[in-house]
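Data first, discussion second: the structure below is written as structure tokens.
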Amino acid sequence: MHFGLCSSRILCVRVCAVSFLRVCVLKTTVSMPKRAKKNEEAVEGETGNGAEPAKKEKKGKEPEAPILYEDPPDKMSSKDGRASNMKITSWNVDGLRAWVKKNGLDWVRKEDPDVLCLQETKCAEKALPSAITDMPEYPHKYWAGSEDKEGYSGVAMLCKTEPLNVTYGIGKEEHDKEGRVITAEFPSFFLVTAYVPNASRGLVRLDYRKTWDVDFRAYLSGLDQRKPLVLCGDLNVAHQEIDLKNPKGNRKNAGFTPEEREGFTKLLEAGFTDSFRELYPEQANAYTFWTYMMNARAKNVGWRLDYFLLSSALFPGLCDSKIRNTAMGSDHCPITLYLAV
């Protein structure tokens, strides 16, 4: 009888223990999904993709904020202490008529350069908008366009002071028919504005571009023997890796091929100085062109294709070389040179 009582107590304890365990397991089973769901909702709210926390750590990094370039305050005197007395602005407008409609001239009036050089105007002289042909600020205006293709290429130069002489092209018909160069002679220097040909998609014009580089360099060197010069415009090449956002992915693309970069190097070796890189040798993320695709400008995924090059004789008078990257109206931004001449 005593033995039987012990057995009953043992059985009771076992039943109670089993029941307790079942209750604990049941509570755990009920509460775990609630915590998991809460975690999933938190992750979904952060990433918008409903990923689990472990995957989020690996793949769900927040996109890096773009590194933008801030144009520093203008320097108005040269290293040798001379005050700037010449201000030149260059802008690839990617279609003059569209650029005028986007209020490009309002920006020009605020910038107020002594000379305004434009590239890729894509507009015959007979079709120029009156808003620019009638500008009283620039009484001396010069235009060059493609002879063969309507709405292709084209450059312009607008001056407050009349140049001594103005010529068009570089003296070679195969290049000059595309309307890519205007040269103005001033008392102490030549000003050349150029829209250098693009090697094009698939590099179909790379051979032509190589020929252009040789002929254009010879033309500039000939001018330089007579009088120092300023070259400005869209030169359609990013010279060094620092001059574009993604150099590794563009080595075989127009504007960053070894051949085009070598052509630019030879131009510098001929006695000309890249004014911006001379003043700001380590400045990265400073670009003048951004494709319209993939929100490239907001992300500052760009190229530095627009330049002011100076003859060595003018270099001592260099005050500043500016990239006006906040000016809108084209897939390029304007650049401005301050010079003491």
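Probing with 1.4 Å while keeping every protein chain in the model, the per residue accessible area of segment 91-189 equals 46 Å². Note on GLU137 and LEU68: their simple-model spin labels are 2.4 nm apart, each label 7 Å out from Cα toward Cβ.
Can you give the charge dipole size of segment 257-307 about its Cα centre, rounded to the nearest 20 debye, using +1 on the beta carbon of Lys and Arg and -1 on the beta carbon of Asp and Glu? Before the final figure, lay out the partial values.
Details: 6 positive and 8 negative charges, 65 e Å.
For this selection, approximately 320 debye.
Using heavy-atom solvent-accessible surface (probe 1.4 Å) with all chains present, what is the largest-first order of THR336, THR133?
Numbers: THR336 0, THR133 50 Å².
In descending accessible area the options line up as THR133, THR336.
The residues GLU278, GLU70, sorted by heavy-atom accessible surface at 1.4 Å with ligands and nucleic acids left out, run GLU70, GLU278 from largest to smallest. Of the solvent-accessible surface of segment 116-227, computed with a 1.4 Å probe and all protein chains present, 46% belongs to carbon and sulfur. Computed extension gain for ALA98 through GLU269, at 0.36 nm per residue and net of the alpha carbon distance, reaches 57.8 nm. A full extension of the chain between ALA298 and ASN285 corresponds to an added length of 3.4 nm, given 0.36 nm per residue minus the alpha carbon distance.
Note on THR265: accessible area is roughly 40 Å² with a 1.4 Å probe, heavy atoms of protein only. A full extension of the chain between LYS110 and GLU147 corresponds to an added length of 10.0 nm, given 0.36 nm per residue minus the alpha carbon distance. In this label model, ASP207 and ASP176 are separated by 2.5 nm, measuring between points 7 Å along each Cα→Cβ vector. Summary of the geometry: segment 283-328 and segment 162-189, compared by the centres of their Cα atoms, lie 24 Å apart.
ILE335 contributes about 10 Å² of solvent-accessible surface, heavy atoms of the protein only, 1.4 Å probe. Dimensions of segment 109-225 based on its C-alpha atoms, expressed as ranges along the principal axes with the largest first, amount to 42, 35, 24 Å. The accessible area of LEU279, taken with all protein chains in place and a 1.4 Å probe, comes to roughly 40 Å². In this simple spin-label approximation, MET328 and ARG251 carry label points 7 Å from Cα along the Cα→Cβ vector, and these lie 3.7 nm apart. Once you divide the Cα radius of gyration of segment 164-272 by 2.2 N^0.38 Å, the number left is 1.10.
The values are calculated or read from the model by the stated rules, or taken from the named source; none is laboratory data. Bear in mind that the values here come from a model prediction, so they are computed numbers and not experimental data. With ideal geometry, Cβ positions are generated from the backbone for all residues, glycine too; neighbour counts draw on all protein chains shown. Ligands, DNA and RNA are excluded from the accessible area calculation, which covers all protein heavy atoms including side chains. Shrake-Rupley method; radii C 1.70, N 1.55, O 1.52, S 1.80 Å.
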